[in-house]
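Q: The structure's right below; bear with me while I get my questions together.
The values are calculated or read from the model by the stated rules, or taken from the named source; none is laboratory data. Since the structure is predicted, the reported quantities are computational estimates derived from the model, not experimental observations. Here the Cβ is made from the backbone with ideal geometry for all residues, glycine too, and neighbour counts use every protein chain on show. To get the accessible areas, we keep the full protein, side chains included, count just its heavy atoms, and leave off ligands, DNA and RNA. Shrake-Rupley method; radii C 1.70, N 1.55, O 1.52, S 1.80 Å.
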Amino acid sequence: MIPVLYSFRRCPYAMRARSAIVASGLVCELREVVLRDKPAALLDASPKATVPVLVEPDGTVIEQSLDIMLWALRQNDPDAWLPSSVGKVSAMNRLITDCDESFKFHLDRYKYPQRYGNVDRQVHRGHAALWLHELDAVLTRRSFLCGEKFTMADAAIAPFVRQFAHTDLDWFDIQRWPALRTWLLRWTQSTLFDGIMKKYPPWMEGQTPVLFPG
């Protein structure tokens, strides 16, 4: 018996979860979900009906992406993704909270203005860009968000920066944040990114389990 991970390839939250599972060296059964046709097994496990959702062999359900990351890394963290001090934990948590609350708020309205009453997407792009300028300033001083090595903070935030970038890549590429672009490119060209972005067919009840990482 191994854990089951319900996932969607392009979802930034699911990308987080898959990244931590790869980094930990653990193995799970991957169930790729079609969001417009969610399987009953996912809805039974988690009425919130969003991915990622991890179901442990004993039936315990973990429904939040950061909790799945911590679940994996607390079992095995060979690359020291988790901070080693209280101060570093606080710094990491602040960055991730800023991403998940303020940045994500503006990212959604920039990418999907029609979902929010056709708000002015340029206004929200501007607000999101202010935070990206702050990240660029951080990355000018060091290689990654919390130091000189890739950690949980980078894995948790990079998928959302990538989503922002791909909303209008031509615009993103001419902004004055070279350190941020270098950081993002380093991640998207990594073996970790290749590993978490492999394509899988949608899961169907009764099929042969798909192991992840494969």
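Q: Using Cα atoms only, what is the angle between the long axis of helix 65-75 and the major principal axis of the chain, expressed in degrees (0 to 90) to the nearest 10?
A: Rounded to the nearest ten degrees, it is 70.
Q: Moving to a separate point now. Near the amide H of CYS28, under 5 Å away, which other amide H atoms are found, from residues 5 or more places off or on another chain, if H is placed in the peptide plane?
A: HN-HN under 5 Å from CYS28: PHE212.
Q: Compute and list, largest first, the equivalent-ellipsoid semi-axes of region 80-198 from the alpha carbon gyration tensor, each √(5λ) rounded to a whole angstrom. Numbers along the way, then the final one.
A: Working: eigenvalues 119, 53, 39 Å².
Output for region 80-198: semi-axes of 24, 16, 14 Å.
Q: Assign unit charges at the C-beta atoms only (+1 for Lys and Arg, -1 for Asp and Glu), then state the dipole size of region 1-69 relative to its Cα centre in Debye, rounded to the nearest 20.
A: 400
Q: Give me the net charge for the shell around LEU30: Cβ to Cβ below 14 angstrom, other residues only, Lys and Arg +1, Asp and Glu -1.
A: +3
Q: Full extension from MET1 to LEU82: what is 0.36 nm times the residue separation minus their Cα-Cα distance, to one decimal in nm?
A: Stretched out fully, the MET1 to LEU82 stretch lengthens by 26.5 nm.
Q: Right, here's the next one. Starting from the Cα of ASP100, step 7 Å along the direction of its Cβ; do the same at GLN189; then give the gap between the two resulting points in nm.
A: Those two pseudo-labels are separated by 3.1 nm.
Q: Heavy atoms only, probe 1.4 Å: what % of the accessible area of region 1-97 goes to carbon and sulfur, would you let me know?
A: On region 1-97, the fraction of accessible area on carbon and sulfur atoms equals 53 percent.
Q: State, as an integer percentage, the relative contact order of region 1-136 based on alpha-carbon contacts under 8 Å between residues 6 or more apart. Show your work: numbers first, answer last.
A: On the way: 151 pairs, mean separation 29.4, N = 136.
The normalised contact order for region 1-136 reaches 22 percent.
Q: Per the Kirkwood definition applied to all pairs of different Cα atoms, how many angstroms is the hydrodynamic radius of region 85-147?
A: Details: mean 1/r = 0.0782 Å⁻¹.
Value: 12.8 Å, from the Cα pair sum.
Q: Put a dot 7 Å past each Cα toward the Cβ at TYR112 and LYS198; how far apart are the dots in nm?
A: It works out to 2.9 nm between the two label points.
Q: Using only Cα atoms, tell me the angle between helix 178-188 and the longest principal axis of the chain; keep it within 0 to 90° and round to the nearest 10.
A: Roughly 20 degrees, rounded to the nearest 10.
Q: Evaluate the charge dipole of region 112-167 about its Cα centre and quote only its size in Debye, nearest 20, assuming +1 on the Cβ of each Lys and Arg and -1 on the Cβ of each Asp and Glu.
A: Values: 7 positive and 5 negative charges, 23 e Å.
The dipole of region 112-167 has a size of about 100 debye.
Q: Quick one: dipole size for region 125-214, taken about the Cα centre, charges +1 on Lys/Arg Cβ and -1 on Asp/Glu Cβ, in debye to the nearest 20. Write out the running numbers ahead of the final one.
A: Numbers: 10 positive and 9 negative charges, 38 e Å.
Here the size comes out at about 180 debye.
Q: Another question, then. Which value results when the Cα radius of gyration for region 109-177 is divided by 2.2 N^0.38 Å?
A: 1.22
Q: Please list ASP136, ASP120, ASP44 in order of solvent-accessible area, largest first, computed with a 1.4 Å probe with all protein chains present.
A: I get ASP44, ASP120, ASP136, largest accessible area first.
Q: Would you work out which of HIS133, LEU26, ALA14 lies farthest towards the positive end of the dipole of the chain? Charges go on Cβ: Lys and Arg +1, Asp and Glu -1.
A: Toward the positive end, the furthest listed residue is HIS133.
Q: One-quarter of the Cα convex hull surface for region 36-150, in nm²? Please list the in-between numbers first.
A: Working: hull surface 39.2 nm².
It is 9.8 nm².
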